[in-house]
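K.L.:
Supplied in structure tokens, the structure appears directly below.
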Amino acid sequence: MQNPFNKPYPFNEDLKHNSKIVFFISIGVPLFLILLQPFDISLLPKQDKYFLIIAFGVITFLALSLHLLFIPSLFPKTFTSSKWNVKKEIFWNSWILFTILTGYFFYCKTLEVLKFDFNLVIKLILTATIPITALILINQNRMFRSRAKFADDINKKLQDHKFIQDKIILFNSDYQKDSLAIKVNLLLFIRSANNYIEVFWKDGELIKNQMIRCSMAYAEDLLKEDKFIVKCHRSYIVNINYIDRFEGNVQGYKLYFDKIDFPIPVSKSFASKLQELI
């Protein structure tokens with residue numbers, strides 16, 4: 001049985017979403033301090049109290065921006081869902097909390113405005129690690145079950161919905177000798193390859209592929225009237241009739257085709273669209 005702490009966990013790479021998290025938490029901390037006034041904040045002079053609340057909000061904003069926006073942008077290969085797991089997520093969240101609380105500690109120590117010693121920082125970290133761990137493990141299990149069920153539903157529907165189309169499509173290449181004409185119902189998928197596209201299609205029992213010098217946008221426009229051929233990812237267009245299976249886990253969804261030895265990534269928007277199509 002796999003160690004639950006080594007199970008995959010999606011790292012949120014959406015900077016727009018992370019920016020919202022940074023904003024709302026940075027606003028939430030001052031509101032929390034104003035409403036509940038922990039750490040004997042109510043005993044401070046009015047001016048010191050307001051400076052402290054604003055400072056805690058700024059420290060929170062800077063720490064979250066650093067860890068959720070700037071560091072992932074600087075090291076994208078490290079912060080990807082394919083390399084992320086439960087253990088890393090727990091450590092990363094605990095580390096972010098530690099940097100925020102350490103920032104509070106140095107502010108209070110420097111200005112001597114509040115009794116906020118380092119022992120309190122450690123105590124808060126150790127206390128918070130337990131619910132952080134529990135929430136991440138629960139969320140990992142929830143996402144896994146949800147996406148696995150969604151994938152199962154898609155696979156069942158794929159068996160019942162097949163479309164047939166015999167028209168021929170012509171992919172005109174910038175180099176005429178590379179142009180390709182095939183029946184649209186034999187097309188498996190197309191993937192982007194810089195200034196080229198790579199077309200995969202069935203030829204009897206064989207799978208063939210050819211590089212064509214043209215854009216993905218051109219291919220998408222050429223196939224726009226064929227409702228069973230859709231763009232599932234910024235780099236892939238697929239024929240849903242040939243999808244062998246659909247898999248989902250906490251890292252996202254993937255498509256598999258028979259006799260193709262690599263999975264095809266699926267965008268979040270396409271997962272819902274596929275359900276509608278079939």
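K.L.:
Using the Cα centre of region 1-130 as the reference point, and only Cβ charges (+1 on K/R, -1 on D/E), how large is the resulting charge dipole? Debye, rounded to the nearest 20.
P.N.:
Details: 12 positive and 7 negative charges, 61 e Å.
Charge dipole of region 1-130: 300 debye, to the nearest 20.
K.L.:
Something else about it: Using alpha carbons only, what's the Rg to Rh ratio of the chain with Rh from Kirkwood?
P.N.:
On the way: Rg = 26.0 Å, Rh = 22.6 Å.
Rounded to two decimals, Rg/Rh equals 1.15.
K.L.:
What FRET efficiency comes out for the pair Asp244/Ala128, r = Cβ-Cβ distance, R0 = 35 Å, nearest 0.05? If you can, show how the numbers build up before the last one.
P.N.:
On the way: r = 45 Å, r/R0 = 1.27.
Working from the Cβ atoms, E equals 0.20.
K.L.:
Can you give me the relative contact order of region 209-278 as a percent, contacts being Cα pairs under 8 Å and 6 or more apart? Could the numbers behind the result be given before it?
P.N.:
Details: 73 pairs, mean separation 15.0, N = 70.
With pairs under 8 Å counted, the relative contact order is 21 percent.
K.L.:
Starting from the Cα of Phe262, move 7 Å in the Cα-to-Cβ direction to define the label point; list residues of region 216-240 whose amide nitrogen is under 13 Å from there.
P.N.:
What the label zone holds, given the 13 Å backbone N cut-off, is 235-236.
K.L.:
With the Cα gyration tensor of region 2-125 in hand, give its eigenvalues times 5 under a square root as the equivalent ellipsoid semi-axes, listed largest first in whole angstrom.
P.N.:
On the way: eigenvalues 194, 51, 28 Å².
Taking √(5λ) for each Cα gyration eigenvalue gives 31, 16, 12 Å.
K.L.:
Rounding to the nearest 20 debye, state how big the charge dipole of the chain is about its Cα centre with +1 on each Lys and Arg Cβ and -1 on each Asp and Glu Cβ. List each step's numbers first, then the result.
P.N.:
Values: 35 positive and 25 negative charges, 67 e Å.
In total the dipole reaches around 320 debye.
K.L.:
Please identify the helices of the chain, taking whole runs of DSSP H, that span at least 18 Å along their own axis as judged from the Cα atoms and have a mean Kyte-Doolittle score of -1.0 or higher. Provide the component values of the computation, followed by the final result.
P.N.:
On the way: long enough: 15-36 (31 Å, 1.62); 46-65 (29 Å, 1.15); 86-111 (38 Å, 0.63); 118-160 (62 Å, 0.25).
Those that clear 18 Å and a mean of -1.0 are 15-36, 46-65, 86-111, 118-160.
K.L.:
For a paramagnetic label modelled at 7 Å from the Cα of Lys87 toward its Cβ, which residues of region 119-134 fall within the zone defined by backbone nitrogen distances under 18 Å?
P.N.:
130, 133-134
K.L.:
Which percent of the accessible area of the chain is formed by carbon and sulfur heavy atoms (probe 1.4 angstrom)? It would help to have the intermediate numbers written out before the result.
P.N.:
Working: 9890 of 16510 Å².
The computed percentage sits at 60.
K.L.:
Let me ask another. At a Förster distance of 41 Å, what's the computed FRET efficiency of Tyr50 paired with Glu220, Cβ-Cβ distance as r, to 0.05?
P.N.:
Working: r = 55 Å, r/R0 = 1.35.
In this case the efficiency is close to 0.15.
K.L.:
Longest segment of the chain with no trypsin sites (Lys or Arg not before Pro) in a DSSP loop having at most 15 other Cβ atoms within 10 Å? Walk me through the numbers before you get to the answer.
P.N.:
Working: sites that count: Lys77, Lys83, Lys115, Lys162, Lys167, Lys224, Lys227, Arg234, Lys259.
So the longest stretch without any such site is 1-76.
K.L.:
Over the chain, what relative contact order in percent results from Cα pairs under 8 Å that are six or more residues apart? Write out the running numbers ahead of the final one.
P.N.:
Details: 361 pairs, mean separation 42.6, N = 278.
It rounds to 15 percent for the chain.
K.L.:
For the pair Arg142 and Asp14, how long in nm is the line joining their label points, each one 7 Å along Cα→Cβ?
P.N.:
1.5 nm
K.L.:
Report the Cα-based extents of region 206-257 along its three principal axes, largest first, to the nearest Å.
P.N.:
The Cα atoms of region 206-257 stretch 34, 26, 21 Å along the principal axes, largest first.
K.L.:
Loop-only check: which GluC sites (Glu not before Pro) in region 196-271 are DSSP coil with at most 11 other Cβ within 10 angstrom? It would help to have the intermediate numbers written out before the result.
P.N.:
Working: sites: Glu198, Glu205, Glu220, Glu225, Glu247; in loops: Glu205, Glu225.
Sparse-neighbourhood loop GluC sites (Glu not before Pro): Glu205, Glu225.
K.L.:
Sort Leu97, Leu35 by heavy-atom solvent-accessible area, probe 1.4 angstrom, most to least. Spell out each step's value before the answer.
P.N.:
Details: Leu97 50, Leu35 140 Å².
Result of the area sort, largest leading: Leu35, Leu97.
K.L.:
Ok, one more. For a 26 Å ceiling on Cα separation, which of these pairs sit above it: Lys16/Lys83; Lys87/Lys254; Lys46/Lys109; Lys202/Lys227; Lys16/Lys115?
P.N.:
Numbers: Lys16/Lys83 21 Å; Lys87/Lys254 24 Å; Lys46/Lys109 19 Å; Lys202/Lys227 19 Å; Lys16/Lys115 36 Å.
Exceeds cut-off: Lys16/Lys115.
The values are calculated or read from the model by the stated rules, or taken from the named source; none is laboratory data. Keep in mind that what you see is a predicted model, and the values were worked out from it rather than measured. Don't worry about glycine lacking a Cβ; one is built from the backbone with ideal geometry, like all the others, and counts go over all protein chains shown. The area values use the complete protein model at the heavy-atom level, side chains included, leaving out ligands, DNA and RNA. Shrake-Rupley method; radii C 1.70, N 1.55, O 1.52, S 1.80 Å.
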